[in-house]
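Report on one structure; see the data block that follows.
The values are calculated or read from the model by the stated rules, or taken from the named source; none is laboratory data. Since this is a predicted model, take the numbers as computed values, not measurements. Quick reminder, even Gly has a Cβ in these numbers, built from the backbone with ideal geometry, and neighbours come from all protein chains shown.
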Amino acid sequence: MKDFAALFTRVDETTKTTVKVAALADYFRTAPDDDKLWTIALFSGRRPKRLITASRLREWAAERAGLPLWLFEESYSIVGDLAETIALILPDPATTTDRSLTHWIEEIARLSTLDDAARKAGILAAWDSLPTTQRFLFTKLLTGGFRIGVSQKLMTRALAQATEQDEAELTHKLMGNWTPQTTTWASLIEAHDPAADLSRPYPFYLAYGLEDLNALGPATDWSAEWKWDGIRGQFIARAGDHHLWSRGEDLMTDRFPELAQLKDFLPDGTVIDGEVLAFRDETPLSFNALQSRIGRKTVPKKLLTEAPVVLMAYDLLEDEGRDIRQAPFADRRARLKDLIAGVPDEAPLRLSPSVDFTGWDTLAELRETSRDRNAEGFMLKRLDSPYLSGRKKGDWWKWKVDPLTIDAVMIYAQAGSGRRANLFTDYTFAVWKGDDLVPFTKAYSGLTDAEFRKVTAWVRKNTLQKFGPVRQVKPVHVFELGFEGIQPSPRHKSGVALRFPRMLRWRHDKPPSEANTLDDLNALLDQYG
Amino acid sequence: MADVLTFTDRGIYCPAGDFYIDPWRPVDRALITHGHADHSRWGMRSYLATEAAAPVIRHRLGDITLDTIAYGKTRRIGSATVSFHPAGHVPGSAQIRVEVGGEVWVASGDYKTTADGLSEPFEPVRCHAFITECTFGLPVFKWTAEETLKAQMNSWWAANAAEGRTSILGAYALGKAQRLLTSIDASIGPILTHGAVENTNAVLRAQGITLPDTIRVTPETKIADHPGALVLATPSAMRGPWARRFGTSSSAFASGWMALRGVRRRRAGDRGFVVSDHADWAGLNAAIRETGATKIFATHGYTSSFQRWLAAEGYDAHIVSTEYEGESLDDSDEPLAEDA
């Protein structure tokens, strides 16, 4: 794994994309095929299944290092990464061996078939024979979540350079349901039959937030749809079968069994981009309703009736087996409309309505009604735009409604982890209830690094009490918090839970006495909850 | 028996000698462990420091009443006997030993147990009570061996020089910068310094410390005249417009915090070298063991974890709240405005 560790080090040492791509491309030119395939798998989210629990790994590592478990946990909370914590606290290896990446992945699979004592012995032997960086990567493989600053896109670009293939074609080849156990380098990368896998989705086209409405040109060039608050999905009907992919390339087919009937109404060779949306009586339900179904692999009957879903169709990517992504949006949408017109109303498929508007002013007014419709604002699409891959600027924009806001007082601060290990970045906020401050949310994003440093210096000098890693601070600073939604929550002292809370700005101009009250928060709950 | 040292809101206080150690508010008599800004502050009526620390303290604090003492020499103050012993942190840094009626307490300031080739090496001092920092008081902090570190820095610099890039290395102006100067291979190329680093170099050279030749960066400095240069910068200068004059460059940061991948990445530099003027986990534990002390006070750093660890190890361990900052990544340690 020495060469893989060297690749990791080169990639990790730089912030420059070109250097990362060059390092990856070098690796793809020289590494053995098995290792290359695993590298692609790891950087495209196909990590091996986690076979040993994180808590066992912690216990073994603490024991091997001769440290109490609580001290391991404290270290982990500072480092912010389990594999890194383990790699750092273990004693240096006495002797080292160089085995391939594939060897170690297979070793992990082999250990998983053994009993607990044999697993422990195998893991400890591996830790004892690997230098720190390799130990870190080996443990990353054990714990999963292989995020090390290489996106799938970046990896694909490097692969395109190394194999002299078209990047888009490679992107397509890498999608779908393969694993290194079910394919080979030759058939996945070198073979010229990319359509072999009928489940394979198209890369999603993702939009950026709108920067400047005035730069869009005449409103007549654009289509507007509500931006629904569900789960973006791609529905594929091919060869009598169907598949539902999430934006993160998760296969969600079994999580939404009610969508299975769509394949009876849609012809083979149909691919629809849309939003899986909780929906009843022709009305979208709040994201809250859908939340109960996220993360469930199988769905009990009760949930199916409580939170039924539809596919709200946005776009048609494949029609009669042909990839029509290069056709203008207006044409694709017209075909989508025809297609859906032939599907009975009982089927859980709807065409996302396009919003009639005469000019940007009228659209801006309508946008204010987004929350009442359980929408997040508008999606603006240029009528002649092709369906691109990945996040691109220019043809598609999200025009989200402004967040809800409240001014709150910071009362607790906690150090962050990982890249924010020595900064206080996680704050708890409170609003007034009479003379008391009632905590109601945490937030940890939205400030600049410079502001986080300022708050950190202040926290160090203004701590009233410490509770483990949490510091109670003087209630002095007011922050304007933004959030996307609010709902009642019996689990929170304040009785509310916020969706996506973050700091919009540090209100240096406001004394704490002018922060909002619990009544203000409840008024928002009554209106939007 | 009364405590030899007590902890007040002005600093560490010795009632028997009526003096403070590294106070952070103005007092009459201050004993100073070393010249870093969080330990050596302005406004004391009189100062006492080691002979080796005095020039830097004078340079930083200007016209002060400063008395000096050699390492290991004792001095009677009131009914206390004090002496200064090498702390291995930066040149001139000291642990301060205070003895009252046979009871010995040691305030260690900041310290490092491994020799760096520049600072007077750390000397364990036997005592009953030991006041320790714990900036890096978690077992994940393990310093890179000096030889490995040298090889890492030299190969980084040499590779940059070969590819026509300037190497910008960020480090504290006092201590860390000079330590790096003595570690690197000065034959690779010219060494340029930020004004704050060069001012400290001048003070240390004047007291007889040998450093490689360096060139002060001024507004007139043209990087084209110094191909393949290594630039030693302060952390704050490195982030600002000052660093833009060096053209195509690779930046690196030298700090104990670089042991953590997350912190390395947040710095957004190209490289992070794991090097600190503070003790790592093993160093802290070894130092405490060697004092023979049973009573330990943890001042700055991961105090709550470290206190709990020491208590579990059988020590009478306490946490003391101070205004010492340890090794900060984000602030310069400069007390005064310096010319750039």
(Q) Name the residue that is surrounded by the most Cβ atoms within 10 Å (Cβ to Cβ), counting only residues in segment A:72-91 that are at pLDDT below 90 and within 9 Å of chain B (Cβ to nearest Cβ). (A) A:Val79
Q: Mind counting the residues in segment B:173-222 that are part of a loop (DSSP other than H, G, I, E, B) and small (Gly, Ala, Ser)?
A: 6
Q | Elements of type strands (runs of 3 or more DSSP E) contained in segment A:401-473, each with 1 or more residues being away from chain B (no Cβ under 13 Å) and touching a residue at least 60 places away in the same chain (Cβ under 8 Å) | A | A:404-415, A:424-433, A:436-443, A:470-473
**Q.** Hits in segment B:158-172 - residues which are hydrophobic (A, V, I, L, M, F, W, C) and either buried (at least 24 other Cβ atoms within 10 Å of the Cβ) or part of a loop (DSSP other than H, G, I, E, B) (or both)
**A.** B:Ile168, B:Leu169, B:Ala171
Q.
So, restricting to strands (runs of 3 or more DSSP E) that lie completely within segment A:185-279, which ones have at least 1 residues that are buried (at least 20 other Cβ atoms within 10 Å of the Cβ) and without any contact (Cβ under 8 Å) to a residue 60 or more places away in the chain?
A. A:231-238, A:241-246
(Q) Checking the structure you have, find out if any residue of segment A:21-32 is within 14 Å of chain B (Cβ to nearest Cβ) and either over 18 Å from A:Leu170 (Cα atoms) or in contact with a Leu (Cβ under 7 Å, 6 or more places away or on another chain) (or both). (A) yes
Q: Could you tell me which residue of segment A:35-71 is nearest to the other protein chains (Cβ to nearest Cβ), considering only residues that are surrounded by 14 or more Cβ atoms within 10 Å (Cβ to Cβ), within 28 Å of the chain's Cα centre (by Cα) and charged (D, E, K, R)?
A: A:Arg58
Q.
Given the options A:Asp395, A:Asp361, A:Asp338, A:Asp384, name the one that is closer than 30 Å to A:Thr156 by Cβ, modelled with pLDDT of 90 or more and not in a loop (DSSP other than H, G, I, E, B).
A. A:Asp395
Q: Mind counting the residues in segment A:221-255 that are of a type in the set (S, T, N, Q) and under 18 Å from A:Asp319 (Cα atoms)?
A: 1
Q: Select from segment B:127-144 the residues that are in contact with a helix residue (DSSP H, G or I) (Cβ under 6 Å, 6 or more places away or on another chain) and assigned to a loop (DSSP other than H, G, I, E, B) and write down the one among them that is farthest from the other protein chains (Cβ to nearest Cβ).
A: B:Cys127
Q: Give me a count of the residues in segment B:19-61 that are farther than 16 Å from B:Ile96 by Cα and in contact (Cβ under 8 Å) with a residue 60 or more places away in the chain.
A: 10
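Identify, please: which residue in segment B:238-252 is touching a helix residue (DSSP H, G or I) at 6+ places or on another chain (Cβ under 7 Å) and at negative phi and is, among those, modelled with the lowest pLDDT?
B:Ala243
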Q. Name the residues in segment B:174-195 that are among the hydrophobic types (A, V, I, L, M, F, W, C) and either surrounded by fewer than 24 Cβ atoms within 10 Å (Cβ to Cβ) or in contact with a strand residue (DSSP E or B) (Cβ under 9 Å, 6 or more places away or on another chain) (or both), would you?
A. B:Ala177, B:Leu180, B:Leu181, B:Ile184, B:Ala186, B:Ile188, B:Ile191, B:Leu192
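Give segment B:243-260 a look and list any residue that's aromatic (Phe, Trp, Tyr) and either within 26 Å of B:Phe136 (Cβ to Cβ) or within 24 Å of the chain's Cα centre (by Cα) (or both), or say none.
Hits for segment B:243-260 are B:Phe253, B:Trp257.
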